[in-house]
Amino acid sequence: MSRSKTDKPSALVATRPDPFRAAFQQTVELLIQRRADLLSETAINAYVDCDWLTWRGGSLKLTTTGENICAQLRNKARLHARA
């Protein structure tokens with residue numbers, strides 16, 4: 001069965017709500033602290049499906065898309081701090 005255009009990760013990213021994006025910051029912090037064990041399998045699968053995280057050598061790593069999402073979240077936080 002082939003994937004439809006709306007099933008592609010880029011389409012999934014566009015439809016994700018802000019709480020999903022906001023939770024990604026906490027996920028990244030846990031990865032930095034090497035505490036991926038505290039992440040739910042559901043969250044991991046969702047971020048992998050969106051191409052924000054990938055499995056590399058048995059470890060979760062940020063993808064380029066994930067790095068871009070983090071940068072967007074940091075910029076959004078800076079804008080809110082200035083307001």
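Readers should treat all values here as calculations from the given coordinates under stated rules, not as data from a laboratory. Since we're looking at a predicted model, the values are computed, not measured. Counting neighbours? That spans all protein chains shown, and the Cβs are built from the backbone with ideal geometry, glycine included.
Could you derive backbone 3J(HN,Hα) for segment 37-43 from the dihedral phi with the Karplus parameters 6.51, -1.76 and 1.60 (θ = phi - 60°), listing whole Hz in sequence and x where the residue is Gly or Pro?
After applying 6.51 cos²θ - 1.76 cosθ + 1.60, I find 5, 8, 8, 6, 4, 4, 5 Hz.
Amide H of Leu53 versus every other amide H placed in the peptide plane: which residues, excluding those fewer than 5 positions away on the same chain, fall under 5 Å?
So Leu53 has HN proximity to Val48, Thr63.
I want to check the label-to-label distance for Lys76 and Lys61. Put each point 7 Å from Cα in the C-beta direction and report it in nm to one decimal.
2.6 nm
For Leu39, list long-range residues whose amide hydrogen, built 1.01 Å from N in the peptide plane, is under 5 Å from its own amide hydrogen.
So Leu39 has HN proximity to no qualifying residue.
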